[in-house]
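The values are calculated or read from the model by the stated rules, or taken from the named source; none is laboratory data. All of these numbers come straight from a predicted model, not from anything done at the bench. Note that each Cβ is placed from the backbone with ideal geometry, even for glycine, and that neighbours are counted across all protein chains shown. SASA here: full protein model, heavy atoms, side chains in, ligands and nucleic acids out. Shrake-Rupley method; radii C 1.70, N 1.55, O 1.52, S 1.80 Å.
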Amino acid sequence: MTGDHDEDLDLAVRLLAGTPTHEGRDPLTLRQWALTAEEFGSRMAPGPGTARVVEQDGGLAAGLLARYRSRPPVVEIYVDTVDRAERLIAERGWRHWFPEGSVRAAALAHEQAHAWLHHAHVRAEFKRALGHTALRLGRRRLYAHVAGADELAAHAYARAACGLGRSPLLLTEALAAAVSCESEK
């Protein structure tokens, strides 16, 4: 693994560790779930998106870059947040990881991954890959949802689909911190 991948994996583990249902979980378990979610997401192959794309403002105030709604299938892209993320990339010197226009493309890919993860067969395959057992009866297992893992898979898919140098999770965290600091002023 490269240093950048290790750093992205560390970010993913921190996201899981900060998720309310994971307090006190073994760090190695969280790391394995993060790695599995990233691997699953990076090899996902969703079909073409059928959701209508709507661009609007108000994402910075709501803490949103994009959002997928399943009924009816709509992806909301918050252009104010996309613009702020593009400026942040330039400010931080991250253009080599996130080329011009990649924020919008990654947001669309991320939400496309969430839509794909809504399919029952994909969700079941993802739970099996994560291996978090909720119930075992003899040889049979009922696999449980791992809170936050779908977010990691969606970020990994967006990174792979858009050919990004780093996980969009890095940008998401940096953007949240920057917006938080700006709102405190």
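A compact table of results
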| read-out | value |
| --- | --- |
| Sum of -39500 (n - 2.57) over DSSP H runs of 4+, divided by residues of the chain (222 nm, nearest 500) | -18500 deg cm²/dmol |
| Percent RCO, i.e. relative contact order, over the chain, from Cα pairs under 8 Å lying at least 6 residues apart | 27 |
| More than 20 angstrom apart: percent of Cα pairs within the stretch 42-114 | 34 |
| The stretch 1-63-the stretch 107-163 distance, computed between alpha-carbon centres (Å) | 10 |
| Residues of the chain: accessible area per residue with a 1.4 Å probe, Å² | 54 |
| For the stretch 69-77, 3J(HN,Hα) per residue [Karplus equation, 6.51 cos²θ - 1.76 cosθ + 1.60, θ = phi - 60°, Hz, x = Gly/Pro] | 10, 7, 10, x, x, 9, 10, 9, 10 |
| Accessible surface of the stretch 35-75 [probe 1.4 Å, protein heavy atoms]: carbon and sulfur percent | 52 |
| Beta bridges per DSSP with both ends in the chain, % antiparallel, nearest 5 | 60 |
| Per-pair calculated FRET efficiency, R0 = 25 Å: Ala144 and Arg31 via Cβ, rounded to 0.05 | 0.90 |
| Computed FRET value (nearest 0.05) for Val79 with Cys181, which takes r as the C-beta separation and R₀ as 22 Å | 0.55 |
| Förster radius 45 Å - calculated FRET efficiency between Ala129 and Gln56, Cβ distance, rounded to 0.05 | 0.85 |
| Cα gyration tensor shape of the stretch 51-185, rounded if a/c is under 1.5, else prolate or oblate by comparing a/b with b/c | prolate |
| For the stretch 49-159, size of Cβ-based charge dipole, Lys and Arg +1, Asp and Glu -1, in debye | 900 |
| Segment Asp4-Ala90, length gained on full extension (0.36 nm per residue, minus Cα span) | 29.1 nm |
| For the stretch 55-60, Karplus couplings with θ = phi - 60° (6.51, -1.76, 1.60), whole Hz, Gly/Pro x | 9, 7, 9, x, x, 4 |
